[in-house]
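Nothing in this text is a laboratory measurement; each read-out follows from the coordinates by a stated rule. Everything quoted here is computed from the prediction, not taken from an experiment. Don't worry about glycine lacking a Cβ; one is built from the backbone with ideal geometry, like all the others, and counts go over all protein chains shown.
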């Protein structure tokens, strides 16, 4: 039996591919369990600087497996930390997650995309929140993350209509960073993962943690948090550390357009 989450290991990154293409990568309990295990393993691997998350076939993910939910005894339950809490595993993952959105990211699949640190999309990428159309309520962060990314009115536009958002408009709204040809999508995401790997790993982890913590507080408290974490981080940084990376930063600035 094929893995429901395929793992492709690079030198300093991992590509995780949701692998139920015949079901548009709908997230069954088994797929979510494999995803949690894959993220936990990557978190424990010091050689992994970043993860790229994408889907096989024509979809990133169609969301929760409604066929599984509609079976007797399969009624939705509130999300909680556990072996099948994939979004929870992503939110506690200490390294950057780059979502490479191929095809559709629908409802739970949209929430999965929002759990990534940033997104790139193929030209065929599309997003939709169909909780209202199916008669469900979000439980993986949609109501909190989406308005923070695109603004409350656009978030309600998507959730209250159930309409699709194409990749080009998603880029205009600030939901995705880049839109590339479908056949270049994963390579582009891997290139960004390599960029992450070229940075100082301790700083990357602390920056990600600071941004995530700052999402949960107001502006004034966020500034205080930044100062506290700045002091904690800089206590472990020497002038020699900075000097060792200074030349690399300068060279990159001269060559990058």
The chain, Gaussian network, Cα under 10 Å: of 216, 200, 166, the residue fluctuating most is 216
Cα-based Debye curve of segment 87-229 sampled at q = 0.10, 0.15, 0.16 Å⁻¹ gives log₁₀ I(q)/I(0) of -0.36, -0.81, -0.91
Between residue 168 and residue 58, what FRET efficiency comes out of the Förster formula 1/(1 + (r/R0)^6) with R0 = 22 Å and r the beta carbon distance, rounded to 0.05?
0.75
Nearest 10 degrees, 0 to 90: what angle lies between the long axis of helix 152-161 and the longest principal axis of the chain (Cα atoms)?
20 degrees
Take every Cα pair under 8 Å in segment 5-197 that's 6+ residues apart, average their separations, divide by the length, and report that relative contact order as a whole percent.
21 percent
For the chain, modelled as a Gaussian network with Cα springs under 10 Å, which listed residue fluctuates most, 23, 208, 148?
148
Output row, site residue 236, 7 Å Cα→C-beta label point, backbone N cut-off 12 Å, window segment 188-212, residues 201-207
Counting only helical runs of four or more DSSP H residues, what would the 222 nm mean residue ellipticity of the chain come to if each run contributes -39,500 (n - 2.57) and the total is spread over all its residues?
-14000 deg cm²/dmol
How many angstrom lie between the C-alpha centres of segment 170-240 and segment 1-72?
23 Å
Antiparallel bridges, percent of DSSP beta bridges restricted to segment 1-140 (to nearest 5):
20 percent
Difference of contour (0.36 nm per residue) and Cα-Cα distance, residue 221 to residue 8
72.7 nm
What's the angle, to the nearest 10 degrees (0 to 90), between helix 185-197's Cα axis and the longest principal axis of the chain?
30 degrees
On a 0 to 90 degree scale, rounded to 10, what angle separates helix 219-234 from the longest Cα axis of the chain?
50 degrees
To check you understand DSSP bridge types, tell me what percent of the beta bridges within the chain (both residues inside) are antiparallel, rounded to 5.
25 percent
Here, residue 118 and residue 177, labelled 7 Å along Cα→Cβ, have an inter-label distance in nm of 0.3 nm
Projected onto their principal axes, the Cα atoms of the chain stretch, largest extent first, over whole-Å spans of 62, 43, 36
Taking a ≥ b ≥ c as the square roots of the eigenvalues of the Cα gyration tensor, with a/c under 1.5 meaning rounded and otherwise prolate when a/b exceeds b/c and oblate if not, segment 193-239 is oblate
Over the chain, with a Gaussian network built from C-alpha contacts below 10 Å, which listed residue (111, 228, 34) shows the highest mean-square fluctuation?
228
